[in-house]
């Protein structure tokens, strides 16, 4: 929902061209305000209160707020403070300036949502640039010559300031297959980190600092399975109850996987309007994988839940027609074919008149982790915790050696042993590109990724437990999950579609990380808890179609 671009500073710069470059993020209405200390262009994608009353900014007692995203629990917040705050609109963000005035910046802990928020407090001459807990909504900034620029997408900065590539970050993007949160591919352009805000003092000169506001204290708990299942059922239902709030049509991307299937079930329970699912049909996939679960299962789930299902065909013709537009819109390297499908599904959703899409992002982090990050399980947790906790050291001579480059198994083993934070940052790529770097690129890359991974680990450390796998899944907010969130946002918003990730409710996330990885993957069954907790409901759905589950073969 929405796009924002602006600057803080005395310099007067036109924002029209910048607003046009990100019009796809909010084609419903545009506002541009020029002020003494700051100026902002805002493009609105109307989701809650589609009338002009819901247009931003929201203002209250010399506080001005713009935000991109959704405040899912806005109704509960309005009810809690009904004696102090009387809304004039039905917009979800109207209550934000009131909450800020009442609680200060700590109001963020009361908000359940996905968002990037910009706050200007003229009383204290400070601005806050805030990102949600899990980096669902983007927010970039650049400080240059006493002007602080900020934007939802980097392309909007091109008319305002110089933009040059950052080769070191390009190397990181290639070797990790995503760009760790906080970075961009352009010099001096940064992304606000997940669950963080940049505080900018603009009273005299511009001074800034970044603060991590979301640092949950997670504690491992011993719980019986019955309690876990009941709590999961409650939290999933609550997450979908507030994430299906919308004044425009809602749909979802449905694959053959457990994550999106769970979202479909709980969404249908909580959304009593016409609901649509969209599924990717990939030409030639059956010949390679010899199964049709990615098509059959979504069809059956949709049919049994009375959901309208649309198959979107992906073939070389689609690739030829769309790849240039897709890649030119993206501001990170486009290295995953799954991202192309997100664009195609979003394009179809737009054609169907859907403005909100639900996805299954985050399921792996919640319910058991990625298989390709399980290489660490042959080492005991005490050793891994000790190893992760050590400062990154310079092993350039070892990691750039010919022996290291030739043997991937040796490469991975030494990384886990000597620098597990670097190993974790690049697990998705599995080091396949590293051997193609020359020595200088390897040296620069190792120095940069070592610094980045150390900073990320230090920022997250307060939320760690003794369960290494859970800690890795928390760190994934900055790594593969962050990359997935970014691509989901860019593909959906390119088509003026709002994307929501119901599995990334912070209460659900914190609860699942309080359960040991051993319980979540009991007896070696990946996502055991999620499978068993949904077994009764999904068995009922599949039995309608005369299909039986066998060792959870469909997931």
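Determine whether the range 384-394 contains at least one residue that is out of contact with any strand residue (DSSP E or B) (no Cβ under 9 Å at 6 or more places or on another chain), part of a helix (DSSP H, G or I) and closer than 30 Å to residue 496 by Cβ. Working first, answer last.
Let us first name the residues in the range 384-394 that are out of contact with any strand residue (DSSP E or B) (no Cβ under 9 Å at 6 or more places or on another chain), namely 384-394.
Cutting the leftovers down to part of a helix (DSSP H, G or I) gives us 384-389.
Then drop every residue that is not closer than 30 Å to residue 496 by Cβ, which leaves none.
No, the range 384-394 contains no residue that is out of contact with any strand residue (DSSP E or B) (no Cβ under 9 Å at 6 or more places or on another chain), part of a helix (DSSP H, G or I) and closer than 30 Å to residue 496 by Cβ.
For the range 400-458, list the helices (runs of 4 or more DSSP H) that sit wholly inside it and hold at least 3 residues that are at pLDDT 85 or above and over 11 Å from residue 172 (Cβ atoms); which are they?
Working: elements: 402-406, 408-418, 420-425.
It comes to 408-418, 420-425.
Of the conditions (1) closer than 24 Å to residue 70 by Cα; (2) in a loop (DSSP other than H, G, I, E, B), residue 160 clears all except one; give me its number.
Failing condition for residue 160: (1).
Keeping to the range 110-137, report how many residues are in a strand (DSSP E or B) and within 13 Å of residue 505 (Cα to Cα). Please lay out each step first, then the result.
Initial filter on the range 110-137 (in a strand (DSSP E or B)): 113-121, 126-131.
Then keep just the ones that are within 13 Å of residue 505 (Cα to Cα); that gives 113-115.
Of the residues in that region, 3 qualify.
Mind counting the residues in the range 333-377 that are part of a loop (DSSP other than H, G, I, E, B), in contact with a strand residue (DSSP E or B) (Cβ under 8 Å, 6 or more places away or on another chain) and farther than 15 Å from residue 482 by Cα?
Total meeting the criteria: 3.
Can you report the number of residues in the range 123-158 which are under 22 Å from residue 97 (Cβ atoms) and over 15 Å from the mean Cα position of the chain (by Cα)?
Number of matching residues: 11.
For the range 432-446, how many residues are under 26 Å from the mean Cα position of the chain (by Cα) and surrounded by fewer than 18 Cβ atoms within 10 Å (Cβ to Cβ)?
2
One residue is enough: does the range 389-397 have a residue meeting the conditions surrounded by fewer than 18 Cβ atoms within 10 Å (Cβ to Cβ), within 30 Å of residue 258 (Cβ to Cβ) and touching a helix residue (DSSP H, G or I) at 6+ places or on another chain (Cβ under 9 Å)?
Taking every residue of the range 389-397 in turn, none turns out to be surrounded by fewer than 18 Cβ atoms within 10 Å (Cβ to Cβ), within 30 Å of residue 258 (Cβ to Cβ) and touching a helix residue (DSSP H, G or I) at 6+ places or on another chain (Cβ under 9 Å).
Among the numbered criteria (1) modelled with pLDDT under 90; (2) within 22 Å of the chain's Cα centre (by Cα); (3) surrounded by 20 or more Cβ atoms within 10 Å (Cβ to Cβ), which one does residue 297 miss?
Looking at each condition in turn, residue 297 falls short on (2).
Considering only the range 138-158, I want to know if a residue exists there that is touching a residue at least 40 places away in the same chain (Cβ under 8 Å) and closer than 20 Å to residue 243 by Cα.
Yes, that holds for at least one residue.
Can you name the strands (runs of 3 or more DSSP E) wholly within the range 188-288 that have at least 3 residues being crowded, with 21+ Cβ neighbours inside 10 Å and touching a strand residue (DSSP E or B) at 6+ places or on another chain (Cβ under 6 Å)? Explain how you work it out, then say what you get.
Values: elements: 196-201, 207-212, 250-253, 276-282.
Result: 196-201, 250-253, 276-282.
The values are calculated or read from the model by the stated rules, or taken from the named source; none is laboratory data. Please read these numbers as outputs of a predicted model, since none were measured by experiment. Note that we place each Cβ from the backbone using ideal geometry, even for glycine, and neighbour counts take in every protein chain shown.
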